[in-house]
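Heads up: the structure comes next, in structure tokens.
The values are calculated or read from the model by the stated rules, or taken from the named source; none is laboratory data. Model, not experiment: these values are computed from the prediction. Cβ coordinates were reconstructed from backbone atoms using ideal geometry, including for glycine residues, and neighbour counts include every protein chain displayed.
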Amino acid sequence: MDAVYIIAAIVLVIVYGPLIWALNKLMKAERASS
Amino acid sequence: MARETWGSRVGFVAAAVGSAVGLGNIWMFPWRAGTLGGAAFLIPYLILLFAIGVIALTVEWTLGRSTKGGPIVAFQKAGLPGGKYLGLLVNIVMVMIFAFYSLVLGWILRYFIAALTGELLKTHPGAFFEGLAFSKEAMIWQFVVIMLTVAIVALGVQKGIEKANKIMMPALFALLIILAVRSVTLPNAYEGLKFYLLPDISKALAPKTWMIALSQMFFSLSVLGNTMVVYGSYLKEKDDIPLSAVATAFGDTAVAVTAGFLIFPAVFAFGLEPGAGPGLVFVTLPMVFQKMSGGTFFATLFFLLLLFAGLSSTVSMLEVYVDSAITKLNMDRKKAAILLGLLTFIIGAPSALSPYYFESILINISTVYIGPLGALIAALALIKFGIEKAYEEVKKGALFEVPTFWKPWVKYVYPAVIVLIYLYTIYGMLGG
């Protein structure tokens with residue numbers, strides 16, 4: 001596979017990973033407190 | 001009257017991301033990444049996002065929550081000398097920012113309607129933009145945008161701002177992903193991806209790139225001592241600050257990074273020149289849509305995306321001084337929103353006829369010369385409030401341990417960085 005596509009995939013994981021992780025944790029806390 | 005609060009943690013993050021995500025994410029970040037090291041630009045950007053961006057959000061939200069007030073109340077309660085007047089100053093900055101931003105968002109609303117009706121695909125985008133940008137017609141669209149913002153703010157924190165963002169933010173991400181997928185599947189999209197992502201470590205690690213990344217990140221997160229202080233003041237004690245800061249910082253970055261996947265493959269696929277700023281959005285991309293199959297549909301989605309990005313920001317801008325009017329002048333929310341919306345229009349309307357007033361007065365004074373000082377004032381207010389007390393506050397409701405180095409970092413490093421950004425911005429303005 002071409003390097004540019006691999007870089008694209010890495011970039012997306014780097015920025016969306018922490019966002020999804022944090023949102024998931026916040027949603028769990030929300031459910032636990034309601 | 002009891003102060004309004006956010007309805008949920010996720011609703012707060014949606015509103016905070018909405019405030020941070022603006023037109024700069026779409027028309028500035030991808031260009032900077034593409035020309036300053038490609039994917040490697042993310043190395044300085046993400047390091048600074050953690051070291052400064054996340055910290056900046058925690059500072060302003062902690063100040064807002066601990067004082068239960070917008071800038072005027074927060075700076076006063078923190079014991080900052082002249083706090084009332086400094087609070088007033090950052091409110092005035094916000095009026096000025098909304099005044100020029102509403103003109104740009106008015107252009108976007110006009111483009112959205114032109115895309116929807118198919119008109120945009122039949123015109124010459126350059127001529128269309130020139131005819132619209134500084135005209136009486138633009139003033140009408142500016143008024144409509146201000147009134148849309150007034151309508152959301154008038155409904156209140158939970159029923160207006162939070163609800164609108166809970167619809168606009170997921171929709172924004174969905175639109176962004178649909179458009180990015182369309183763009184990267186165009187023939188010859190590969191050249192655009194290469195331009196955007198091919199890493200150049202030497203460029204990315206150059207001191208100048210770090211400075212540009214810092215300034216881009218700082219302005220992108222809307223930390224100017226006003227919107228984020230007000231949004232923080234609606235937080236409850238059980239609400240988390242540090243994790244919400246991480247989510248907001250990455251949400252803002254995710255939009256900016258994805259925008260690059262939308263723009264460059266499409267621009268390169270049709271052999272056009274990439275660039276940044278209004279020219280990209282109002283001239284180059286409409287040309288792309290004209291050449292693309294299904295152009296009307298995708299142009300409509302694109303301008304809807306920009307409309308959501310802009311409206312979620314203008315709502316946070318107006319909220320700053322509507323909140324001040326409610327708390328300091330005991331005004332009713334609806335009345336305050338309408339009156340201050342009209343005031344913003346009176347101040348902003350001349351910008352629709354005068355590029356000089358638009359750029360040299362409204363933009364430069366509010367975002368370059370005075371704006372960044374708001375972040376410094378908020379940081380100094382929190383230091384005056386007491387760094388130990390602030391640390392106890394930031395830990396309340398936190399879903400992960402806040403390290404103790406947060407204290408010296410906020411007290412020494414963060415204010416020094418703001419001064420650095422300020423001097424760099426002024427230096428840039430002076431042609432350095």
Exercise. Which helices (runs of 4 or more DSSP H) does the stretch B:10-114 wholly contain that include 1 or more residues that are closer than 30 Å to A:Val13 by Cα and within 14 Å of another protein chain (Cβ to nearest Cβ)?
Worked result: B:23-27, B:29-35, B:42-48, B:54-67
For this session: Give the residues of the stretch B:176-208 that are among the polar types (S, T, N, Q) and closer than 15 Å to B:Met292 by Cα, sorted by residue number.
Result: B:Ser183, B:Thr185, B:Asn188
For this session: Being more than 16 Å from B:Val410 (Cα to Cα) and modelled with pLDDT of 95 or more is the filter here, so list the residues in the stretch B:20-65 that pass it.
Result: B:Ala20, B:Val21, B:Arg65
Problem set entry | Matching entry among B:Val417, B:Val320, B:Val368 (being aliphatic (A, V, I, L, M), touching a residue at least 40 places away in the same chain (Cβ under 8 Å), part of a helix (DSSP H, G or I) and farther than 30 Å from B:Ile152 by Cβ) | B:Val417
Exercise. For the stretch A:1-27, what are the residues that are more than 9 Å from chain B (Cβ to nearest Cβ) and more than 11 Å from the chain's Cα centre (by Cα)?
Worked result: A:Met1, A:Ile6, A:Ala9
Exercise. So B:Phe289 fits all but one of (1) assigned to a helix (DSSP H, G or I); (2) within 22 Å of the chain's Cα centre (by Cα); (3) closer than 21 Å to B:Val104 by Cβ; what number is the exception?
Worked result: (2)
Exercise. What number of residues within the stretch B:248-266 satisfy the criterion of being under 24 Å from the mean Cα position of the chain (by Cα) and within 16 Å of B:Val181 (Cα to Cα)?
Worked result: 11
Exercise. Any idea which of (1) among the aliphatic types (A, V, I, L, M); (2) out of contact with any Gly (no Cβ under 9 Å at 6 or more places or on another chain); (3) over 30 Å from A:Glu30 (Cβ atoms) is the one B:Leu198 doesn't satisfy?
Worked result: (2)
Problem set entry | Filter pass, B:Thr253 being of a type in the set (Ser, Thr, Tyr), crowded, with 24+ Cβ neighbours inside 10 Å and touching a helix residue (DSSP H, G or I) at 6+ places or on another chain (Cβ under 7 Å) | yes
Exercise. What do you reckon, is B:Gly156 surrounded by 15 or more Cβ atoms within 10 Å (Cβ to Cβ) and touching a Lys or Arg at 6+ places or on another chain (Cβ under 8 Å)?
Worked result: yes
For this session: Considering every residue within the stretch B:386-393, establish whether at least one is within 22 Å of B:Trp61 (Cβ to Cβ), out of contact with any Phe, Trp or Tyr (no Cβ under 6 Å at 6 or more places or on another chain), without any contact (Cβ under 8 Å) to a residue 24 or more places away in the chain and part of a loop (DSSP other than H, G, I, E, B).
Result: yes
For this session: Could you check B:Ile326 against (1) in contact with a Lys or Arg (Cβ under 9 Å, 6 or more places away or on another chain); (2) free of Cβ contacts under 8 Å to residues at least 12 places away in the same chain; (3) not in a helix (DSSP H, G or I) and say which number it fails?
Result: (3)
Exercise. So which of B:Ala180, B:Ala138, B:Ala164, B:Ala171 is assigned to a helix (DSSP H, G or I), touching a residue at least 40 places away in the same chain (Cβ under 8 Å) and under 14 Å from B:Glu319 (Cβ atoms)?
Worked result: B:Ala164
